Amino acid sequence: MVALFVLLLTLLLNPLPALAVNPDEILADPVLEERARDLSAQLRCMVCQNQSIDDSNAELARDLRVLVRERLVDGDSDEEVIDYVVSRYGEFVLLKPRLSVRTVLLWGAPVVLLLLGGLVLVLMARGRLKPRQPSVLTPEEEARLDDLVGKQ
């Protein structure tokens, strides 16, 4: 009996995810609504930046949720909706960026730089990359230096 009470109390006090979708935004067609929720979960709120537009209460997030639903009602595919939002807000609006040359360079550059740095360290340790030895001064250069310094 006590275990059941603790379980019920835990369930009641357990915070539920607070989704920001307002009742007036929800579509009548459950299939379209499910697609809209899936798409909204993939798009970043440009105000909050750590949340999807599905979780955000910002006005811009609400406008984007409405825009996604309007595009779906108009017959756009999921990819067309995403492409439209990306064309307006850039790749940053995607919570999971697409794989492209740009993202490969962004994520691959640190690895390449670490490997190059490691290679330079190995070559220096093996003695292949030695610092240049200073050249010896000629007698004329030594005399000129002595004159400049003021040595007799």
Tell me, which residue of the stretch 82-101 that is aliphatic (A, V, I, L, M) and surrounded by fewer than 11 Cβ atoms within 10 Å (Cβ to Cβ) is modelled with the lowest pLDDT? Leu99
I'd like the residue in the stretch 101-152 that is outside any helix (DSSP H, G or I) and aliphatic (A, V, I, L, M) and, out of all such residues, is nearest to Glu91 (Cα to Cα). Leu129
Report, ordered by the first and then the second residue, all pairs with beta carbons closer than 6 Å, sequence separation of six or more or different chains, a first member in the stretch 120-134 that is at pLDDT 80 or above, and a second member that is open to solvent by less than 100 Å² (accessible area, probe 1.4 Å) and not aromatic (Phe, Trp, Tyr). Leu123/Leu129
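The values are calculated or read from the model by the stated rules, or taken from the named source; none is laboratory data. The shown structure was predicted, so the numbers you read here are calculated from the model rather than taken from an experiment. With ideal geometry, Cβ positions are generated from the backbone for all residues, glycine too; neighbour counts draw on all protein chains shown. With ligands, DNA and RNA removed, areas are computed over all heavy atoms of the protein, side chains included. Shrake-Rupley method; radii C 1.70, N 1.55, O 1.52, S 1.80 Å.
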